[in-house]
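Since the structure comes first, as structure tokens, the remarks are kept for the end.
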């Protein structure tokens, strides 16, 4: 039922968004999302057709070139994010938003499951006014449709900087599938994602 409502919102955003999303479609575009642990988010988005890369890193903080240990203290202000390079001829920004909101809980403040802290907040860092308007419209339509029992608290902020995470964080799931966190958290999430978005997968 929740997915049916989300699909309806997705269609409405495509049909009635404030402005058409009309950037130069010959070029790759960038999106930046935070939805909890970036290991999970990276594993999801790199499965999508039209996504050239999904890089784990940090955004939204006050310190340049932060380390993972510093971000984990919650004192730098950064969120764990992925920066997605995508081909808008194959997948739209609106479709990325649909995946973003369907694959985490956007109603819990600074928390996803057992991961707690401001670094795990639900956040969209927009790279253009078009991205901002689409994200805000999608969020408002979901709240109006009452898809979730609680209000959506996803932060929508202007992108300022992205700092690539340390090498061992990149391709974490692909390189550590037998690790317990991957087995018990990421694999079930991926299995659910693949069933819902099977038409969008590579």
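Computed from the coordinates by the stated procedures, all read-outs in this text should not be read as laboratory data. No experiment lies behind these values; they were computed from the predicted model shown. Glycine gets a Cβ as well: all are built from the backbone with ideal geometry, and neighbour counts include every protein chain shown.
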Exception for residue 190 within (1) under 30 Å from residue 64 (Cα atoms); (2) within 17 Å of the chain's Cα centre (by Cα); (3) surrounded by 12 or more Cβ atoms within 10 Å (Cβ to Cβ) falls at (1)
Per the filter on the range 55-67, residues touching a strand residue (DSSP E or B) at 6+ places or on another chain (Cβ under 8 Å) and either buried (at least 24 other Cβ atoms within 10 Å of the Cβ) or in contact (Cβ under 8 Å) with a residue 60 or more places away in the chain (or both) are 55, 56, 57, 58, 59, 60, 64, 65, 66
Original post:
Is it the case that some residue within the range 179-187 is in contact with a helix residue (DSSP H, G or I) (Cβ under 6 Å, 6 or more places away or on another chain), under 22 Å from residue 121 (Cβ atoms) and surrounded by 15 or more Cβ atoms within 10 Å (Cβ to Cβ)?
Top reply: yes
When restricted to 116, 123, 185, the only residue under 18 Å from the mean Cα position of the chain (by Cα) and over 24 Å from residue 95 (Cα atoms) is 116
Review point. With respect to residue 71, is the statement that it is under 19 Å from residue 155 (Cβ atoms), under 14 Å from the mean Cα position of the chain (by Cα) and not in a loop (DSSP other than H, G, I, E, B) true?
Key: no
Here the residues within the range 164-182 that are more than 18 Å from residue 81 (Cβ to Cβ) and part of a helix (DSSP H, G or I) are 174, 175, 180, 181, 182
Selection over the range 77-92 where residues are outside any strand (DSSP E or B) and surrounded by fewer than 23 Cβ atoms within 10 Å (Cβ to Cβ) yields a count of 7
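Rundown of residues vs (1) part of a helix (DSSP H, G or I); (2) farther than 21 Å from residue 48 by Cβ; (3) touching a residue at least 12 places away in the same chain (Cβ under 8 Å), yes/no style:
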residue: 109; (1), (2), (3): no, yes, yes
residue: 124; (1), (2), (3): no, no, yes
residue: 150; (1), (2), (3): no, yes, yes
residue: 184; (1), (2), (3): yes, yes, no
Mind checking whether some residue in the range 43-54 is over 26 Å from residue 147 (Cβ atoms) and surrounded by fewer than 23 Cβ atoms within 10 Å (Cβ to Cβ)?
-> yes
Here the residues within the range 109-129 that are over 16 Å from residue 60 (Cα atoms) and surrounded by 18 or more Cβ atoms within 10 Å (Cβ to Cβ) are 112
The condition from (1) under 17 Å from the mean Cα position of the chain (by Cα); (2) closer than 18 Å to residue 35 by Cβ; (3) assigned to a helix (DSSP H, G or I) that residue 133 misses is numbered (2)
